[in-house]
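Input: a single structure, listed below in structure tokens.
The values are calculated or read from the model by the stated rules, or taken from the named source; none is laboratory data. These numbers come from a predicted model, not from an experiment. Here the Cβ positions follow ideal geometry from the backbone for every residue, glycine too, while neighbour counts run over all protein chains shown. Ligands, DNA and RNA are excluded from the accessible area calculation, which covers all protein heavy atoms including side chains. Shrake-Rupley method; radii C 1.70, N 1.55, O 1.52, S 1.80 Å.
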Amino acid sequence: MHKPFAEAAKIDEVILSRLMPEEDLFAGLSKIARDHGIERGVILSAIGSLKNVVFVNVRPHIGIPVKTEDMIQIEDTGPFELLSLEGNFFPSQEDGEPVVHLHAILGTSSGSVSGGHLLKATVFTTTEILLGSITGSSVYKAKSDLTQRMELLLSRS
Amino acid sequence: MHKPFAEAAKIDEVILSRLMPEEDLFAGLSKIARDHGIERGVILSAIGSLKNVVFVNVRPHIGIPVKTEDMIQIEDTGPFELLSLEGNFFPSQEDGEPVVHLHAILGTSSGSVSGGHLLKATVFTTTEILLGSITGSSVYKAKSDLTQRMELLLSRS
Amino acid sequence: MHKPFAEAAKIDEVILSRLMPEEDLFAGLSKIARDHGIERGVILSAIGSLKNVVFVNVRPHIGIPVKTEDMIQIEDTGPFELLSLEGNFFPSQEDGEPVVHLHAILGTSSGSVSGGHLLKATVFTTTEILLGSITGSSVYKAKSDLTQRMELLLSRS
């Protein structure tokens with residue numbers, strides 16, 4: 001059952017990487033994880049630029065569980081400076097495959113900023129990512145009845 | 001006296017946590033710190049969604065010290081995707097109690113982004129926080145005459 | 001030649017620092033790196049406030065290489081809450097001097113947020129930076145023919 005938890009873990013190794021123009025951000029990140037055998041990872045730093053982004057935000061005044069119609073999808077070819085990329089990946093409790101969860105913040109030519117829960121993005125000039133490999137953790141991703149989203153779940157709980 | 005400093009420290013342990021819907025973000029974070037005996041902590045990563053947020057920003061063209069009327073408070077029920085959460089907590093020099101300092105960036109349904117110095121927030125669907133425990137540090141928070149805010153102070157200085 | 005890479009490295013030491021009002025952000029960061037002998041560094045956390053900022057964003061619909069006229073420069077005296085500061089520095093392959101790359105996100109009094117690739121900024125009240133010292137890395141910065149920007153390059157590649 002999903003409940004709050006706080007688990008002590010370690011980040012003994014970090015992976016410093018650069019993605020190239022035209023690379024898919026999600027595929028690039030997944031390949032790095034696979035090549036380095038990282039089961040649980042967190043983005044410690046990311047800087048670069050993106051294009052062809054698709055992201056979602058939630059409508060105001062909604063509640064949980066979040067329904068499909070509660071989310072608004074935004075597509076923009078950009079390109080944009082990638083100002084912040086937060087997120088992580090953890091294995092799905094069902095099949096062990098990594099579930100990637102990313103939130104991006106993008107700079108526009110007016111100086112204003114847009115962003116949301118990222119679904120898709122292509123690297124424009126570069127993306128420099130510092131990925132932390134989390135060890136000593138037993139956390140999985142599993143669908144929550146409460147939110148209807150894939151949420152972190154401590155396997156011991 | 002407050003002055004610039006740069007102190008070498010360690011982050012040997014990280015705490016991976018999940019807060020649940022309706023939890024208070026500040027109370028949740030403080031409980032994690034207390035339960036794990038973390039005196040000095042820094043948010044290394046955070047992703048999730050928030051509602052009922054209160055944050056402040058400063059007016060343009062003001063100087064220091066920052067006065068109460070120099071700050072504009074914004075309240076919004078949201079909910080919002082939590083796109084970035086930066087911050088830390090350090091013990092107050094006066095009583096040793098943790099002083100939590102958080103800046104949040106929130107995605108809105110238009111795709112635009114808002115945010116500021118966070119005063120209050122409730123978890124909407126989830127908040128996944130990776131907290132670094134800073135050891136080997138002698139830094140405190142103490143009120144600065146110069147800025148009239150609680151600022152980092154090296155106790156040896 | 002520039003190509004994608006992912007290199008395992010370590011962050012054994014972090015530098016916790018505070019910059020003071022009127023300090024130049026770039027000069028302050030460079031001094032910390034120099035004083036602590038850090039060749040390769042990454043910002044793990046930053047929180048504070050800035051003024052007199054200059055940043056650039058790219059125009060929509062441009063391609064690579066990015067030309068000077070593809071970028072729009074924005075100057076604003078602020079001050080602003082510093083909501084996020086992402087970035088790193090690596091030695092230039094040419095002369096070994098650190099190449100600092102920073103993206104900033106700033107809160108405005110309306111609650112909206114601006115930001116971009118940062119060229120210049122002065123500390124307003126404070127800037128608290130947690131800098132990670134990356135060791136075991138052989139990554140440099142070198143100009144890319146493809147993007148016409150200074151990009152990360154693995155020296156072994």
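Distance between the modelled labels on B:Arg149 and C:Glu39, one decimal in nanometres: 3.6 nm (7 Å Cα→Cβ projection).
Loop-located GluC sites (Glu not before Pro) across the range B:54-146 with a Cβ neighbour count of 12 or fewer within 10 Å are B:Glu94, with loop assigned by DSSP. For B:Thr135 and A:Gln73, the FRET efficiency from 1/(1 + (r/R0)^6), where r spans their Cβ atoms and R0 equals 30 Å, is about 0.10. Over the protein assembly as shown, the reciprocal of the mean inverse Cα-Cα separation, the Kirkwood hydrodynamic radius, stands at 22.0 Å.
How high is the FRET efficiency from B:Ala8 to A:Asp12, r the C-beta distance, R0 22 Å, rounded to 0.05? Working shown, then result.
Numbers: r = 19 Å, r/R0 = 0.85.
Working from the Cβ atoms, E equals 0.70.
With label points set 7 Å from Cα along Cα→Cβ, the inter-copy distances at C:Ser92 are 4.8, 4.8 nm, sorted shortest first.
Here the range B:54-157 was treated as a single set of alpha-carbon atoms; its pair distances binned every 10 Å from 0 give 13, 36, 34, 16, 1 percent.
Its Cα centre serving as origin, the range C:50-110 has a Cβ charge dipole (Lys and Arg +1, Asp and Glu -1) of approximately 220 debye.
Placing +1 on the Cβ of each Lys and Arg and -1 on the Cβ of each Asp and Glu in the range A:19-117, which of A:Gly48, A:Ser92, A:Ile32 has its Cα farthest towards the positive end of the resulting dipole? Most positive-ward Cα: A:Gly48.
Distance from the C-alpha centroid of the range A:68-129 to that of the range C:57-84: 19 Å, rounded to the whole angstrom. For the cross-link pairs B:Lys3/B:Lys141; B:Lys3/C:Lys120; A:Lys10/C:Lys10, which exceed 20 Å when the distance is taken from alpha carbon to alpha carbon? Correct reply: B:Lys3/C:Lys120.
In the assembled protein chains, C:Lys10 presents an accessible area of approximately 80 Å² (probe radius 1.4 Å). What you get for the range C:1-152, charging only the Cβ of Lys and Arg (+1) and of Asp and Glu (-1), is a dipole of about 220 debye around the Cα centre.
Remark: label point of C:Lys67 defined 7 Å out from Cα along the Cα-Cβ vector; separations to the same position in other copies 5.0, 5.0 nm, ascending. The mean sequence separation of alpha-carbon pairs under 8 Å and at least six residues apart, normalised by the residue count of chain B, gives a relative contact order of 37 percent.
Remark: mean inter-chain Cβ contacts per residue of A:144-152 equal 4, using a 10 Å Cβ-Cβ cutoff to other protein chain atoms.
Across the range A:56-100, the relative contact order, built from alpha-carbon pairs under 8 Å that are at least six residues apart, equals 26 percent. Summing Lys and Arg as +1 and Asp and Glu as -1 over all other residues whose Cβ lies under 13 Å from the Cβ of B:Ala121 gives a net charge of -4.
Computed from backbone phi, the HN-Hα couplings of the range C:115-121 come to x, x, 6, 7, 10, 7, 6 Hz, rounded to whole numbers (Karplus: 6.51 cos²θ - 1.76 cosθ + 1.60, θ = phi - 60°; Gly and Pro given as x).
With its label point put 7 Å out from Cα toward Cβ, A:Gln148 sits 4.8, 4.8 nm from the same residue's point in the other copies, in order from shortest.
To the nearest whole number, what is the average tally of beta carbon atoms from other chains within 10 Å of the beta carbons of peptide B:41-48?
Mean number of neighbouring Cβ atoms from other chains: 6.
In this structure C:Asp12 has an accessible area near 90 Å², from a 1.4 Å probe over the protein heavy atoms.
Could you calculate the FRET efficiency of B:His61 with B:Lys120 from 1/(1 + (r/R0)^6), where r is the beta carbon distance between them and R0 is 25 Å, rounded to 0.05? Write out the running numbers ahead of the final one.
Working: r = 27 Å, r/R0 = 1.08.
With R0 = 25 Å, the Cβ-Cβ based efficiency is 0.40.
Looking at chain B as a GNM with Cα springs under 10 Å, which of B:Gly111, B:Gly96, B:Gly132 has the largest mean-square fluctuation? The residue with the greatest mean-square fluctuation here is B:Gly111.
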